[in-house]
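First comes the structure, then the notes that go with it.
Read-outs throughout are calculated quantities, based only on the coordinates presented, and are distinct from any laboratory measurement. Fair warning: this is a prediction, and the values are worked out from it, not measured in the lab. Here the Cβ positions follow ideal geometry from the backbone for every residue, glycine too, while neighbour counts run over all protein chains shown.
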Amino acid sequence: MTAATIRPAGPCDVALLAELYRRCFDPAAGGAFAGTPWSARSLAEVMALPGAFCLLATTEGPEGREPAGFLLAQVLFHDAELLTLGVLPERRRSGLGGRLLQAALAESARRGAGRMTLEVAESNAVAQALYRAAGFAEAGRRRNYYRLAGDGSLDAVVLARDLEGPENPPSAR
């Protein structure tokens, strides 16, 4: 497992987050998805939504602490939604995605959420395995949710899991 630091990210981090997003998801940069990358502006708009929070993971690199991954989520009342999670291609399979996910689950529960949902491309078996290992189960599908370059599309698998926290102890479920 990679030694990592996870911290809250804020408005001053949006340019960095946009670059991380591009590097995590743009196939030309070694990423895993051919969708349209979120711009700094779109990330800033999402981060400004009520209940939104962003986490930034850094790891030790040749020049000190370097950004390696991020997660963006939103909590509204009893529900949390994981909006995006990305880890740089060269940092994958190091446990960093799982650490970001666990930090988001804890933060969502702390904010009073009792359940978290997310969508993942049906073709993304690695991400689905990460989420299922964290207790997520299939709750539905969204047909043709992801638009691909050209005319293609992919279904989204909707995954969900209950959370435990001060507002939702295990005995309350």
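Round to the nearest 0.05 the FRET efficiency obtained for residue 143 and residue 41 when R0 = 30 Å and r is the Cβ-Cβ distance. After rounding, the FRET efficiency stands at 0.55. Each other residue within a Cβ distance under 12 Å of residue 58 adds +1 if Lys or Arg and -1 if Asp or Glu, for a net charge of 0.
Given [x] 21.1, 76; [y] 15.8, 49; [z] 19.3, 70, which label gives Rg and Dmax of the Cα atoms in Å as computed from the coordinates? Among [x] 21.1, 76; [y] 15.8, 49; [z] 19.3, 70, the one calculated here is [y].
The region of the chain that goes longest without hitting one of the GluC sites (Glu not before Pro) in a DSSP loop, each with at most 16 other Cβ atoms within 10 Å, is 1-62. For a Förster distance of 25 Å, can you work out the FRET efficiency between the beta-carbons of residue 76 and residue 132, rounded to the nearest 0.05? Efficiency for this residue pair is about 0.55.
Calculated FRET efficiency, residue 117 to residue 60, Cβ-Cβ distance, R0 = 35 Å: about 0.55 to the nearest 0.05.
Going from the residue with the fewest nearby Cβ atoms within 10 Å to the one with the most, 108, 39 rank 39, 108. Of the residues 52, 156, 139, the one whose Cα sits farthest toward the positive end of the charge dipole of the chain, with +1 on the Cβ of Lys and Arg and -1 on the Cβ of Asp and Glu, is 139. Toward the positive end of the charge dipole of the stretch 4-116, with +1 on the Cβ of Lys and Arg and -1 on the Cβ of Asp and Glu, the farthest Cα among 67, 5, 40 is that of 5.
Stretching residue 19 away from residue 106 to a fully extended chain increases their span by 28.7 nm, per 0.36 nm per residue minus the current alpha-carbon distance.
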